[in-house]
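Trainee: Take a look at the following structure, please.
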Amino acid sequence: MMEWKEAFGVLARRLADAVVVTGIGGQTQCFFASQPTSPTMYLAGPMGLAPSVGLGMALALPHRRVVVLEGDGAMAMALGCLTTIANRQPTNYLLVVVDNGTYESGGRNPTLNAGRTDFCALARAAGFPFTLQAKDAAALTQALDRALADPGPGLLWVPIAPQGSLPGTSPFPYEVRYEFKARLKALEPDRALP
């Protein structure tokens, strides 16, 4: 099973041209620690909101790939968003569920669904055109290549080992806004941004 550094390192390298939204806690801290160059909206709360924020971005930026990084505990809280995403069918949307079986930020307690929930099956039942699973770095690289090329919405389920401790800190919210806007502007210099 992959460690967080390996999984998030692959994600940071492969998502350089995507708009990325990270869920709270572990996803934000691990992706931030991996030093991505992509325009990234690091969420500070509430739990389970990242897939819906990503849907809004995918609808607003239909020409740009939008990738959401969400944890298994938060995803279990927000399963209803899968049907909304499937209903809207944004072809530029990829949801990556990073599954370590714990609420890492909340004391490392096991999630209620740890080891028992097949997120790919849930997404297929909701109406996602494709789902993938990656258990090691090579499989994650291949899955991302396919997922970024195929029309979505898609879901990529990435089981990782529990971390034991989270890396460093998260960016400050005011920094997130300015950094996200600057990186998106660099990718799309002719686009007016608020």
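Readers should treat all values here as calculations from the given coordinates under stated rules, not as data from a laboratory. Worth saying up front: this structure is predicted, and the values here are computed from it rather than measured. Note that we place each Cβ from the backbone using ideal geometry, even for glycine, and neighbour counts take in every protein chain shown.
Trainee: With Kirkwood's inverse mean 1/r over C-alpha pairs for Rh, give me the Rg to Rh ratio of segment 4-187, two decimals please.
Mentor: That ratio is 0.92, to two decimals.
Trainee: While we're looking at this one, here's another question. Between E179 and R124, what is the label-to-label distance in nm when each label sits 7 Å out along the Cα-to-Cβ direction?
Mentor: Computed distance between label sites E179 and R124 equals 3.7 nm.
Trainee: Which residues in segment 18-56 place their backbone N less than 14 Å from a point set 7 Å from the Cα of E188 along the Cα-to-Cβ direction?
Mentor: Correct set: 18-21, 39-41, 54-56.
Trainee: Note down the relative contact order for segment 4-187 as a percent, whole number, built from C-alpha pairs under 8 angstrom at least six residues apart.
Mentor: On the way: 362 pairs, mean separation 47.3, N = 184.
Once divided by the residue count of segment 4-187, the mean separation gives 26 percent.
Trainee: Continuing with the same structure: What number, rounded to the nearest 500 deg cm²/dmol, is the helix-based mean residue ellipticity at 222 nm of the chain, given -39500 (n - 2.57) per DSSP H run of at least four residues and division by all its residues? Could the numbers behind the result be given before it?
Mentor: On the way: 8 runs with 81 residues, N = 194.
Taken over the chain, the calculation gives -12500 deg cm²/dmol.
Trainee: Between S52 and Q89, what length comes free when the chain is fully extended (0.36 nm per residue of separation minus the Cα-Cα distance, one decimal in nm)?
Mentor: Details: separation 37, 0.36 × 37 = 13.32 nm, distance 1.29 nm.
That pair, S52 and Q89, stretches by 12.0 nm at full extension.
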